[in-house]
1. Please state which of the following conditions Glu47 fails to meet, knowing it meets all the rest: (1) in contact with a strand residue (DSSP E or B) (Cβ under 9 Å, 6 or more places away or on another chain); (2) more than 10 Å from ligand 2 (Cβ to nearest atom).
2. Taking the stated definitions as given, is Ile32 over 26 Å from Cys225 (Cβ atoms) and crowded, with 17+ Cβ neighbours inside 10 Å?
3. Check off (1) modelled with pLDDT under 95; (2) over 15 Å from the mean Cα position of the chain (by Cα) for Val104 and give me the number that stays unchecked.
4. Kindly indicate whether any position in the stretch 89-106 is touching a residue at least 24 places away in the same chain (Cβ under 8 Å), β-branched (Val, Ile, Thr) and assigned by TED's automatic domain parsing to the domain that holds Met207.
5. Which one is surrounded by the most Cβ atoms within 10 Å (Cβ to Cβ), of the residues in the stretch 93-103 that are under 19 Å from Glu35 (Cα atoms) and touching a strand residue (DSSP E or B) at 6+ places or on another chain (Cβ under 6 Å)?
6. Among the residues of the stretch 141-179, count how many are of a type in the set (A, V, I, L, M) and touching a strand residue (DSSP E or B) at 6+ places or on another chain (Cβ under 9 Å).
7. For the stretch 188-236, enumerate the residues that are more than 21 Å from Ala110 (Cα to Cα) and hydroxyl-bearing (Ser, Thr, Tyr).
8. Can Glu253 be described as in contact with a Ser or Thr (Cβ under 7 Å, 6 or more places away or on another chain), more than 26 Å from Leu91 (Cα to Cα) and more than 15 Å from ligand 1 (Cβ to nearest atom)?
Amino acid sequence: MEHYNMNLTLKVWRQKNATAQGNFENYQVKNISSEMSFLEMIDVLNEQLVAENGEPIAFDHDCREGICGMCSMHINGRAHGPWDATTTCQLHMRAFKDGDTITVEPWRAAAFPVIRDLVVDRSAFDRIQQAGGFVSVNTGNAQDANCLPVPKDDADLSFAAASCIGCGACVAACKNSSAMLFVSAKVSQFALLPQGQPERTSRVLNMVAQMDKEGFGSCTNTGACEAECPKEISLTNIARLNREYVKASFLAE
Ligand code: SF4
Ligand code: FES
C-alpha cells in the first residue's frame, strides 16, 4: 500500500489523577505518516503539547512490539483499536484516513482504576497471578526436557494459553468487566502440563478467589473478550477453567 500523510483530530481522555474528574480534550495533529505506529502518533502529539507548554498525555507502553501487554488503550470504542489480533503498539496509522476523528480512552473497569489520562492500574492481574503461586517441580535444564514427555496437542494448547500478555483488553471489552479469559489462560497453561499437576487444585481455587476479591464481574459468555484479545486466546480456556474449578472444589471438600 502507498504511503500517505494525514491530518487528524484526536479526542483524548484527560484525567489528572485517580480522584479527579476526567474529560475529553480535542487535539489536531498534522502530517501523520500512514507508516507510523499509533504510539508514535501519540509521541508526535506529546512533543507538540510540550512545545506549547502543555501537559503530555500519560500512557503505558514498554516493548512496543506486542509482547509486554502495557499499551492499554480503547480506540474508537474498541480495545486496542480497529485491527483484530493486534496490540495498540502494533496498530499502524494506515488503519485510519485523512480527516478522521479518533477517540482514545483508558480501559473502563472498576478493577482497573484510572491513575492518569490513559494509564490504568492493572495490578489486580499481578495479584491474581501471585495467588496462583509457583510451580514446585524441578524442571531441570534444557537437556532434561526429554525426560518429561508432553503430548504435542497438550503442548500446543498450553503454549497458546501462555501467549496471553496480561493486557486487560478482555476485561475492557466485556460488558461485565469479567477477567475470566485472562484467568483461564493462566490456569490452562499449567493445568495442561505435567509440571502443573502438583498445585493444580490450589492454583485454580486461589486464582478464582483472588479474581472475585478484586471486583471483576461474572462471565455471561458474550465472547467479546475473545473477539478483542490481541493474542486470540480461545474461549475454550474458559470452559477448561470452569471444569478445573468444579473438580478442584470437590477435591478440596
Ligand atoms: S486474554 Fe487476551 S485480552 Fe486478556 S489479558 Fe490475555 S492477551 Fe490480553
Ligand atoms: S507496548 Fe508492549 S505490548 Fe504494546
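The values are calculated or read from the model by the stated rules, or taken from the named source; none is laboratory data. Keep in mind the model is a prediction, meaning the values are calculated, not measured. We place every Cβ from the backbone using ideal geometry, glycine too, and count neighbours over all the protein chains shown.
1. (1)
2. Spelling it out, Ile32 is indeed over 26 Å from Cys225 (Cβ atoms) and crowded, with 17+ Cβ neighbours inside 10 Å.
3. (1) is the only condition that Val104 fails.
4. no
5. Met93
6. So the count comes out to 5.
7. Ser188, Thr201, Ser202, Ser234, Thr236, listed by residue number.
8. no
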